[in-house]
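*Asks:* One structure follows; several queries about it will come next.
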C-alpha cells in the first residue's frame, strides 16, 4: 500500500469529484477541470508521466483539449515523480510560465495533534446559509470579474446538495466575537483529511483563525478514525503549518499555460 507521502504528492487525483468537477484519467496524466471556475488552477494536468520523445506533441494535444473545453488558461502540476526529469524545462521552452508569485506548492502531511487556539470559535457548517458565507469568504480572495462570480454563485446549491448527499467534504467557519472571519474546507479521504483551502478576512489575520481551523479539522479527522492531515501549502501558510507539526514530503511546481488565449 502507498505511504501517506506518496498519496499526498498527487493528492488531487484521489479527491472525489463534485458535480462541477470533471476528471479524465489518461494513460500518461490526469486532467481535472472545475467547470465554470475561471481560476487557472481549476483546470490542470496532474500526475504527469510523459514519454521523453513525445512531450511537444503531447503538450499540443492537451492544449487543444483545454481550448475545446472553453478554458483560456490551465496549469501543469509537476511533482518530483513527473516524467521526463526535465519536463519543467521543456514546458517553459514551449511557452508555459511559472504560476504567479507563488509557483511552488509544498505537499505537507501531519499525524501530530496541533495545539488548541483560544479566542476563536470554530463550527462545522450545517446550513446552506453558512455555506454561502464561507464560499463568499473564499471567492473574495480570487481575482474574478462580476460576471465570473455570478456564474460561480449559480453552482452554490448544487455544491451544497452534493456535500449533503455524499458526506465527502466539510466546511468550517471561524468566528471572532460572533462574526465569521475565516473559512476552511476538508475533503474526507479514507486515509486522511485533505485541507482544501482556508481564507481569513484581511483585518482578522494574525489572530489565530487559520490555526484554529486546522485544529478543528484535525479533531474531525480523528473522530472519523483517520488521524492524519495533508495539504498543499503556499509560501504564506507553509511556515505556519510547519510550526503546527506538518512536514513537507514533496514540492509541486505550478506552471500556467495561456496558449489557448493567444
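*Asks:* Among the residues of segment 136-162, write down those that are touching a residue at least 40 places away in the same chain (Cβ under 8 Å) and assigned to a helix (DSSP H, G or I).
*Replies:* 137, 138, 148, 151, 152, 158, 159, 162, listed by residue number.
*Asks:* Any residue at all in segment 29-45 that's modelled with pLDDT under 95, part of a loop (DSSP other than H, G, I, E, B) and in contact with a strand residue (DSSP E or B) (Cβ under 9 Å, 6 or more places away or on another chain)?
*Replies:* yes
*Asks:* Right, another one. Give me the strands (runs of 3 or more DSSP E) completely within segment 176-262, filtered to those with at least 2 residues that are more than 19 Å from residue 117 (Cα to Cα) and not assigned by TED's automatic domain parsing to the domain that holds residue 137, ordered by residue number. Working first, answer last.
*Replies:* Numbers: elements: 179-188, 193-200, 229-233, 247-257.
Counting at least 2 such residues, we get 229-233, 247-257.
Listed here are the residues, each with its yes/no results for (1) over 30 Å from residue 151 (Cα atoms); (2) within 22 Å of the chain's Cα centre (by Cα).
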| site | (1), (2) |
| --- | --- |
| 42 | no, yes |
| 52 | yes, no |
| 63 | no, yes |
| 68 | no, no |
| 77 | no, yes |
| 80 | yes, yes |
| 86 | yes, no |
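*Asks:* Then there's this: Can you tell me which condition residue 109 does not meet? The list is (1) under 14 Å from residue 257 (Cα atoms); (2) not in a loop (DSSP other than H, G, I, E, B), and all the others hold.
*Replies:* The number of the failed condition is (1).
*Asks:* Please state which one of 183, 192, 221, 174 is surrounded by 17 or more Cβ atoms within 10 Å (Cβ to Cβ), touching a helix residue (DSSP H, G or I) at 6+ places or on another chain (Cβ under 8 Å) and either free of Cβ contacts under 8 Å to residues at least 12 places away in the same chain or under 23 Å from residue 9 (Cα atoms) (or both).
*Replies:* On the way: 183 fails: either free of Cβ contacts under 8 Å to residues at least 12 places away in the same chain or under 23 Å from residue 9 (Cα atoms) (or both); 221 fails: touching a helix residue (DSSP H, G or I) at 6+ places or on another chain (Cβ under 8 Å); 174 fails: either free of Cβ contacts under 8 Å to residues at least 12 places away in the same chain or under 23 Å from residue 9 (Cα atoms) (or both).
Only one candidate passes the filter, namely 192.
*Asks:* Moving on. Does residue 139 fit the bill of being surrounded by 15 or more Cβ atoms within 10 Å (Cβ to Cβ) and over 17 Å from the mean Cα position of the chain (by Cα)?
*Replies:* Working: surrounded by 15 or more Cβ atoms within 10 Å (Cβ to Cβ): yes; over 17 Å from the mean Cα position of the chain (by Cα): no.
Against the criterion (surrounded by 15 or more Cβ atoms within 10 Å (Cβ to Cβ) and over 17 Å from the mean Cα position of the chain (by Cα)), residue 139 does not qualify.
The values are calculated or read from the model by the stated rules, or taken from the named source; none is laboratory data. All figures in this text were calculated on a predicted structure; none of them were measured in a lab. Here Cβ is always computed from backbone atoms with ideal geometry, including for glycine, and neighbour counts include all displayed protein chains.
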